[in-house]
Amino acid sequence: MRFDVFTLLPDVFDAYLNASILQRASENQLIETHVHNIRDWAAGKHHVTDEPPYGGGGGMVMKVEPVILALESVFADDPGCPIIMLTPQGRQFDQQIAQSYAAYPRIGLVCGRYEGFDERIREHAITDEISIGDYVLTGGELPALILIDAISRNLSGVLGDPTGALDDSHANGLLEYPHYTRPAVFRGWSVPEVLLSGHHAEIEKWRRRQSLQRTLEKRPDLLQNAQLSETDRDYLRSLGWTGQT
Ligand code: ADE
């Protein structure tokens with residue numbers, strides 16, 4: 001999958017993309033990230049990318065021409081490619097959105113700086129607007145990295161374990177069960193017996209129940225949309241759940 005990122009701060013991407021799982025994914029040609037400096041499309045000696053807003057008010061606004069020219073030039077060969085603007089006004093990013101974008105061969109990510117974008121960028125070039133949460137950052141670069149990371153983990157071959165993304169918290173609408181590794185006892189704190197038993201069916205049952213219990217305790221709102229069997233519902237009711245019948 002190919003990511004084309006448009007930013008005024010191209011240097012901030014390298015360190016994160018060139019580490020660990022994402023680095024391996026790009027070495028294995030599962031992802032490729034092209035970072036474009038919007039300033040390269042800004043006219044004039046000073047390559048100005050921002051101006052004060054028409055109508056007055058504080059802050060600076062990202063100019064329309066360099067962003068549109070950058071997008072037109074990079075996507076000239078691929079006019080149908082999704083182009084996502086990172087903005088606190090977008091729909092809130094989640095695992096389902098990450099999974100749905102993982103099905104595309106290529107996406108564009110447009111990172112803002114300053115007070116915001118000239119609205120004409122949104123109107124004429126953007127296919128989706130995404131926020132990573134209800135808070136405002138100084139720019140869209142961290143959100144773009146978050147999208148690249150969360151989308152890439154869903155591509156086949158990116159995680160060492162091919163089923164790795166299936167059990168993730170949120171992948172099936174529930175929070176993930178707890179994990180333990182060696183040693184079996186540390187300072188008298190022991191690992192749940194069932195995990196050492198070798199009984200796979202029992203382990204699966206315990207994990208499912210832990211997953212349900214955690215979701216009920218920490219994010220009961222998720223249970224509204226989770227896919228629950230009758231056994232799941234019975235277990236949740238035994239814990240005091242009164243939702244969904
Ligand atoms: N740019 C600034 N804040 C943002 C947020 N919360 N999500 C996406 N892009 C942003």
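Neighbouring Cβ atoms within 10 Å as the yardstick, rank Arg153, Arg187 fewest first.
If I rank by nearby Cβ atoms, fewest first, I get Arg187, Arg153.
Taking a point 7 angstrom from the Cα of Glu51 along the C-beta vector, which residues in the stretch 140-165 have backbone N less than 20 Å away?
Counting backbone N atoms under 20 Å from the label point, the list is empty.
Output ³J(HN,Hα) for the stretch 30-37: one whole-Hz value per residue in order, computed from phi by the Karplus curve 6.51 cos²θ - 1.76 cosθ + 1.60 with θ = phi - 60°, and x for Gly and Pro.
Karplus-based 3J(HN,Hα) across the stretch 30-37 equals 8, 10, 9, 10, 10, 9, 10, 8 Hz.
Highest GNM mean-square fluctuation, the chain, Cα pairs closer than 10 Å: which of Gly44, Gly80, Gly90?
Of the options given, Gly44 has the highest mean-square fluctuation.
Between the stretch 52-105 and the stretch 153-212, what is the C-alpha centre distance in whole Å?
About 37 Å separates the Cα centre of the stretch 52-105 from the one of the stretch 153-212.
Per residue of the stretch 94-108, what does 6.51 cos²θ - 1.76 cosθ + 1.60 with θ = phi - 60° give for ³J(HN,Hα)? Whole Hz please, x for Gly and Pro, Karplus curve as stated.
3J(HN,Hα) across the stretch 94-108, in whole Hz: 8, 4, 5, 5, 4, 5, 5, 6, 5, 7, 8, x, 7, 9, x.
Rank by packing, highest mean first: peptides 14-21, 96-103, with packing defined as the count of other Cβ atoms within 10 Å averaged across residues.
96-103, 14-21
Comparing Asp40, Asp168, Asp221, which has the greatest mean-square fluctuation in the GNM of the chain with Cα pairs linked when under 10 Å apart?
Asp221
Go ahead and run the numbers for FRET between Asp40 and Asp168, Cβ-Cβ distance against an R0 of 45 Å, rounding to 0.05.
0.75
Check Leu175: other-chain or 5+ apart residues with amide H under 5 Å from its amide H, H built from backbone geometry?
Correct list: His170, Thr215.
Among Tyr104, Tyr54, Tyr114, which comes first, second and so on when ranked by fewest other beta-carbon atoms within 10 Å?
The most exposed by this proxy come first: Tyr54, Tyr104, Tyr114.
Given a 10 angstrom Cα cut-off, can you work out which residue in Asp118, Asp232, Asp94 is the most mobile in a GNM of the chain?
Asp232
Could you list which residues have their amide H under 5 Å from that of Arg106, counting only those 5 or more apart in sequence or on another chain, with H placed in the peptide plane?
Under 5 Å from the amide H of Arg106 lie the amide H atoms of Arg2, each far enough along the sequence or on another chain.
How high is the relative contact order of the chain, given as a whole-number percent (alpha carbon pairs under 8 Å, six or more residues apart)?
18
What list of ³J(HN,Hα) values in whole Hz, one per residue of the stretch 186-193 in order, does the Karplus curve 6.51 cos²θ - 1.76 cosθ + 1.60 (θ = phi - 60°) give from phi, with Gly and Pro shown as x?
For the stretch 186-193, the Karplus curve yields 9, 6, x, 8, 9, 6, x, 3 Hz.
Under the 0.36 nm per residue contour assumption, what length would be gained going from the current alpha-carbon distance of Arg24 and Asp77 to full extension?
16.3 nm
Quick check on the exposure proxy: order Thr163, Thr33, Thr127 from fewest to most C-beta atoms within 10 angstrom.
Thr163, Thr127, Thr33
Grab the DSSP H runs of the chain that are 4 residues or longer, score each as -39,500 (n - 2.57), total them, divide by all residues and round the 222 nm result to the nearest 500 deg cm²/dmol.
-9000 deg cm²/dmol
Rg(Cα) of the chain divided by 2.2 N^0.38 Å?
Against the compact-globule rule of thumb, the ratio is 1.27.
Every number here is computed from the coordinates shown, using simple stated rules; none is lab data. Here the structure is a predicted model, which is why all the values come from computation and not from measurement. No Cβ is skipped: glycine too gets one built from the backbone with ideal geometry, and neighbour counts run over all protein chains shown.
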